[in-house]
Structure formats: C-alpha cells, structure tokens
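Presented below is the structure to which this report refers.
The values are calculated or read from the model by the stated rules, or taken from the named source; none is laboratory data. Bear in mind that the values here come from a model prediction, so they are computed numbers and not experimental data. Cβ placement follows ideal geometry from the backbone for every residue including glycine, while neighbour counts extend to all protein chains displayed.
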Amino acid sequence: MYTAGIDIGALTAKSLILEDERPLAFTIIPSGSNSKETAEKVMEATLSKAGLSQGDVAFTVATGYGRVNVPFADKQVTEISCHAKGAYSLFPMVRTVIDIGGQDSKAIKIGKDGRVMDFAMNDRCAAGTGRFLEVMAKALEVRLEDFGELSLQSKNKAKISNICTVFAESEVISRISEGAPKIDIIAGIHDAIANRVFGMASRVKIEKDLVMTGGVAKNRGVIKALEEKVGFKILVSEEPQIVGALGAAIIAREMVLKQF
Amino acid sequence: MTERAKKSLEASKEVFKLASEHYLGAHEAKKQDKPVTWMTGYDPVELLYAMDVAVVYPENYSALCAVTQLAPKFIEKCERLGYSSNLCSYARNTIGTTFEEGAPLGGLAPPDFLVVARKFCKTHIKWWQVLSRRFNCPLFVIDSPYVTGGVEDYHIDHYVSQLEDLIDFLEEQTGRKLDYDKLAEVVKLSDRASELWDEVMAMRRNVPCPVGASDILSCMFAIVTLPGTKTAVEFYERLRDEVKERVKNKIGVVPEEKHRLLWDNIVLWYNVGLSNYFQKFGAVFVLEPYTMVWSGRLDPSNPLESLARKYLFAFIGLKNRGDAMVELCKLYKVDGAVMHSNRSCKFLSLLEYELKDLLMEKLGIPSLIIEGDHCDGRAYSDAQIKMRIQAFMEMLG
C-alpha cells in the first residue's frame, strides 16, 4: 500500500511517499506564492521518483500552513501531530520534539505511546524561526547553507541581544561595522535563536530524548548552541526537513488501516 | 478572517436592541437634563441607578465597537493622539471615539461626572483621569481594597465608608438626596438578575450543554450594565426559561458534544465567531470564569454592606483563581481549557501558565494558550491561531 504526506510550509514544500512502512521517495522545493501549484508540483516530483501515479496512492494527508490548499489531500492534520508522529517513528524514545520551521517554532511533549501531551509555539513574532536566520544571512551576505559550518569556527561569539528580528538585523549591521568577524556574528545569531527556542520549549518541560526537526535542524551551529542550553545531545535524523511529511504519510497509512 | 458567532438562543437576538436602547437612552437622558456618568464593569452601579443617573460603560461599548468591526478606526485615532499602542485597547478605543466622528449609536453620551473604582485593573484610574480632563467634569474614585485572600470585615468596613462618600458625592452632583427605599428596590432587582444569571450558568453543567459561549457573551450585557433594572430581570427570565426548555429536551449546542471546554480571559470581541471553529470539532465552551463573575447576591435590608461584598473582587491571585477554576472544571465536566493571553489585560493573563500547570496537575486537563487582544484585532493572525486550535483538538482526540 502506498500513502503520501505533503507538508506545505511557509518557506518550503515537502512530500513523501510510503510503501507500507518504508519511505520510498521524497522531494523538497521552495513554497513559492501559489500553494495549489506548489502542492501539485512537489507531489508529481515524488510520484515520478517513486515510479507511481496519483491513482496508486491510497490516502494523502496534508500538513503545514498550506494544508488547506492541497486539492488532492484526503485529510488535513496539523504540523504538531505530524512532526510528533514522524519523530516518534524515527526515534521511539523521543519525549520532546523541537521543530524550527520557516515562520514557526514549536516544542512538542510526547508520551511513552507517542501521543502528543502538550505543545508550545512561538508567539506572533518571527524571532527564533527559520525566517530570522534568512534575514540574517542576507544582512551578512553569507549563504544560509554555510551558516552552520562557519559558526563552528568561532571562538568568541558576538552578543546579539535583541529578540526582535528587525532590531536584531540592525544589531548585526552594527557588529559588522564594528569589525566583528562574520563567524563570530553567526555564532551569536545561533546563540540568540537557541535562547529564544529554549525559553519557548521549557514551557513543555524538556525531557530526553530530544529530537530536532525542520530545516533549521540541518544547521550544526544551532544544534550546538541549543545543546549547550539543554545540557545533553540532541538527536537529528538524516533529513530533518521531511519529518513532518513523513508523519503525515504515516497518519495517512493509519487512516487507511482504521477503515478495515 | 473574522466571522460572526453562531448563536442558539432567541434571547440572544434581543441583545443588540437592549444595547442600542441603553446607549441611545443615555443621549435621551442628556436631552432631558438627567445626569450621565461613565463607569467600569464591576463598580456599584446600583447606587447610581437608585439616584436615577444614566450610566454607560466604555468597556462594554468598546466590545460593541469591536464586534461591529469599527474599533480599529478609533484605536488608530487614539494612537495618533500620542497614546501608546501598549495601552489597553478598550481605553484606546474609548478615547478614540471621543475625538473621531462615526462612533456607533452616536458615541457615548458625554458624562456630567465620572465614577471609577481603584481595583484590579491598573489602567482604570489613569483612563478615567484622561476622560475627566477630556470632558472637564469631576471624578470620584472608589478605593477598593485588593483582596488576595478572603474578604475580611475590615475590607467591608472600608468599602462601605467609600460608598458613603460616593453617596455624598452623588447627592452633591445631582442636587438630590438618595432615597433608601428606592435603593432597596434597585438592590432587590439586581439580586434577582444575579439569581437568574447564576441559574442559567448552573444549567450549563448539563450534558449536552444547552448554551455555549457565543450566546452567553451576548446575554451578559444585562448583568454587566443593567443590574438593578426591571429590564435585566425580565430579560433573564426569558433567557432562563429558554435554556431550561433546552435542558428538558436535551438540546445541545452541537449535534454531538465531544469536548467540553473552559474559556479563560476576555474574548476576542472582533472575532467572537472563533467559537464556531471549535464547534467544527464537536467542542463547546461550557464555562467562562469571565462571564460568571458578574453576578452577586444582595440583601435589600442591608444594601451597602451587600454591595461591598458583591464588588470586593476576590477572584485574585493564584490560590483564589486556581482553586475556583479547579472546582468549576469538576462541576462542569470540563476536559480542556483554552486560555486567551490577552495583550490588553495583563492582570487576567499573567497567571495563565500557572493555571495551565495546575489544571494538568490536579485534573489531568490540558490547556491551550493563544495570543490575542480583546478589542484590537490588528495583531490577530487567523491562520496561526487556528493551527494551534486544530493541533489542540487533535491532541484531545
């Protein structure tokens, strides 16, 4: 049986196809401005990688901000449930999930049976999200993909004290003009984002194992900064960006099995 | 993306008329040289009704402005005058309506004098001082003790002495003496309205819950602004009868009641239809501490002391608020709580994270905290809030 998960986030769209319990193929593309077109595009790409057509898929679950704009989805489920489900399937000992996405960051408390027990999210503000890092990468004229490795070279991280993305950007520009090395500024940015996310996640009372999902989990610098706050190692899957889509596909499979 | 609230009751349809008559009535009183005053919720309005003073409520009126989607215009006007956007949006809206054309129902009739109690809300005094300067009229401040434990005799004595000073002030302002027989009559009517309101609230313990938040939020108009009037008593008799009938016939708010929720804090008045979204998941608000606090039983033979007891707000502090919330959740068979972290009201929002922990610890009830504001919809993000609600509903199962 084939089931699909599609996760239309604020910055990227992801889709994944499961053959029974095994991930068969996945795709990640930028979200663009038209959710419906993006949804079709990202799904077609994964179907073609898997050598399938839409008709082969028994059930599709959509998640992410664009979940309401996926015409071919059978059900819409929130990112909270999908990230929890995805992380639990990859790391059965998980008790806390931190997902830093494009415009949201969230912390999810997970029970022993994989159920969502509680969650906390950033308030109406982009601080502590992927968008924050994007704005900073632009200000520093550094590729976002290089942020993680660069920050690990820093021995003296700069202080970025503003939590507001707009004000923090001006602060970064001041640090540049003061002559602070970019690697130190980037390390400071990671520290700022880790502080913010740690504060938010503490509301659900962080417990081991802690799994980080979402695009920002690819950034080694953020992981390191966050590990310093929580005091233990954070688990990250090989492809953290597709955990939401994976969870959606698993929920899709459960929906089908429930019907029999 | 705001929507109107779906309502279940016939009584709710009367509320807009009641409110219009009340606010337009103050303009009419003004024309007939009857004094008009502005008060806040939770002030001893019975004394003023006994003195035949027309009373209007800027907070309630601001909710009305928000419901009709007119508040942003007045809030922005207030900010252009130099007031901080961190000020309570009820205050900003009210101040804005006194400077800008187009306020609903002709705006609030200008006051001849102002009365306000210094109590839990820290904005009231400054807000009323601004109004006092704006209208160049006298202001009487009731010094209401901040009660975090139980109400003690010395609290009552102090409040009664404040009421006696208020009576002197009112007699001076109106040029009339307080008629104690009239006061006893008003107090009796107010007590009756409270009794009926409590009765309606108690009926919400039934499964299925006969009436949800949308109707109650409309119908609370009379218990807030009209206690001590025949209008309130007659209105609540009709409301009570209608709700009773629904209980008898087991008529609920949604076809299948899956979840019984508590709402904490003031609502998002510009988007009262948010409760419709909960109903899509079979969830009904059966209880809001905010709508319950307005009633207070009174003794016509001992009016001042019983008014003091009614208006000494004791829903303060983690112990009082927490204990009450836990008990109420048990009584109303609540299985989830939604707490509005209200940007305008730090007093009500401050303890929400503690209350959330308490409900989980004592009763295993999960809570969702959503960010918003009671009157200023400009910072409300529909997609973000609905995503949190949907996730919470998935969690409740």
Do we find that B:LEU262 is buried (at least 22 other Cβ atoms within 10 Å of the Cβ), farther than 17 Å from B:ALA202 by Cβ and modelled with pLDDT of 95 or more in this structure?
-> no
Run B:ASP191 past the list (1) among the charged types (D, E, K, R); (2) closer than 19 Å to B:GLN279 by Cβ; (3) buried (at least 21 other Cβ atoms within 10 Å of the Cβ) and report the number of the one that doesn't hold.
-> (2)
Screening A:LEU140, A:LEU133, A:LEU150, A:LEU144 for residues that are surrounded by 17 or more Cβ atoms within 10 Å (Cβ to Cβ), assigned by TED's automatic domain parsing to the domain that holds A:ILE108 and touching a Lys or Arg at 6+ places or on another chain (Cβ under 6 Å) leaves only A:LEU140
Determine which member of the set B:SER214, B:SER275 is buried (at least 22 other Cβ atoms within 10 Å of the Cβ), among the polar types (S, T, N, Q) and more than 17 Å from the chain's Cα centre (by Cα).
-> B:SER275
Taking first residues from the stretch B:152-176 that are touching a residue at least 12 places away in the same chain (Cβ under 8 Å) and second residues anywhere that are in a helix (DSSP H, G or I) and among the hydroxyl-bearing types (Ser, Thr, Tyr), the pairs with Cβ under 8 Å that are 6 or more apart or on different chains are B:TYR159/B:TYR311
Quick one: how many residues across the stretch A:23-57 are buried (at least 16 other Cβ atoms within 10 Å of the Cβ) and either within 14 Å of chain B (Cβ to nearest Cβ) or among the small types (Gly, Ala, Ser) (or both)?
-> 6
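Residues are listed down the side, and each one gets a yes or a no for (1) within 30 Å of B:LEU183 (Cα to Cα); (2) touching a His at 6+ places or on another chain (Cβ under 6 Å); (3) at pLDDT below 95:
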position	(1), (2), (3)
B:ALA283	no, yes, no
B:GLU288	no, no, no
B:VAL293	yes, no, yes
B:PRO300	yes, no, no
B:LEU304	yes, no, no
B:PHE313	yes, no, yes
B:GLY317	no, no, yes
B:CYS329	no, no, no
B:LYS346	no, no, yes
Within the stretch A:46-54, is even one residue within 15 Å of the chain's Cα centre (by Cα) and within 30 Å of A:LEU235 (Cβ to Cβ)?
-> no
Within the stretch B:103-125, the residues that are in contact (Cβ under 8 Å) with a residue 24 or more places away in the chain and either assigned to a helix (DSSP H, G or I) or among the small types (Gly, Ala, Ser) (or both) are B:ALA103, B:PRO104, B:LEU105, B:GLY106, B:ALA109, B:ALA117, B:HIS124
Return only the number of the condition from (1) within 24 Å of B:PHE281 (Cβ to Cβ); (2) out of contact with any His (no Cβ under 9 Å at 6 or more places or on another chain); (3) surrounded by 22 or more Cβ atoms within 10 Å (Cβ to Cβ); (4) away from every other protein chain (no Cβ under 12 Å) that A:GLY114 does not satisfy.
-> (3)
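Quick grid of which residues meet (1) closer than 30 Å to B:GLU354 by Cβ; (2) in the same structural domain as A:GLY111 (by TED's automatic domain parsing); (3) modelled with pLDDT of 90 or more; (4) out of contact with any Ser or Thr (no Cβ under 9 Å at 6 or more places or on another chain):
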site	(1), (2), (3), (4)
A:SER154	no, yes, yes, yes
A:ASN162	yes, yes, no, no
A:GLY179	no, yes, yes, yes
A:ILE193	yes, yes, yes, no
A:SER202	yes, yes, yes, yes
A:LYS205	yes, yes, yes, no
A:GLY214	yes, yes, yes, no
A:ASN219	no, yes, yes, no
Could you run through the stretch B:1-50 and say how many residues are touching a Cys at 6+ places or on another chain (Cβ under 9 Å) and of a type in the set (A, V, I, L, M)?
-> 3
State yes or no: is A:PHE119 under 26 Å from A:GLU239 (Cα atoms) and within 14 Å of chain B (Cβ to nearest Cβ)?
-> yes
Go through (1) among the aliphatic types (A, V, I, L, M); (2) within 12 Å of chain B (Cβ to nearest Cβ); (3) assigned to a strand (DSSP E or B); (4) surrounded by fewer than 18 Cβ atoms within 10 Å (Cβ to Cβ) one by one and return the number of the condition A:VAL68 breaks.
-> (3)
Residues that are within 14 Å of chain B (Cβ to nearest Cβ) and either over 19 Å from A:LEU226 (Cβ atoms) or assigned to a helix (DSSP H, G or I) (or both), drawn from the stretch A:124-149 = A:ARG124, A:ARG131
How many residues does the stretch B:1-56 hold that are in a loop (DSSP other than H, G, I, E, B) and buried (at least 16 other Cβ atoms within 10 Å of the Cβ)?
-> 15
Out of the stretch A:95-114, which residues are modelled with pLDDT under 95, within 24 Å of A:GLU239 (Cβ to Cβ) and either over 17 Å from the mean Cα position of the chain (by Cα) or in a loop (DSSP other than H, G, I, E, B) (or both)?
-> A:GLY101, A:GLY102, A:GLN103, A:ASP104, A:GLY114
Quick check: anything in the stretch A:222-235 surrounded by 18 or more Cβ atoms within 10 Å (Cβ to Cβ), within 30 Å of A:PHE59 (Cα to Cα) and in contact with a strand residue (DSSP E or B) (Cβ under 9 Å, 6 or more places away or on another chain)?
-> yes
B:SER62 fails exactly one of (1) of a type in the set (S, T, N, Q); (2) buried (at least 21 other Cβ atoms within 10 Å of the Cβ); (3) assigned to a loop (DSSP other than H, G, I, E, B), namely (3)
For the stretch A:71-88, enumerate the residues that are surrounded by fewer than 23 Cβ atoms within 10 Å (Cβ to Cβ) and within 10 Å of chain B (Cβ to nearest Cβ).
-> A:GLN76
Of all residues making up the stretch B:285-306, the number that are buried (at least 18 other Cβ atoms within 10 Å of the Cβ) and either under 22 Å from B:VAL200 (Cα atoms) or of a type in the set (Ser, Thr, Tyr) (or both) | 12
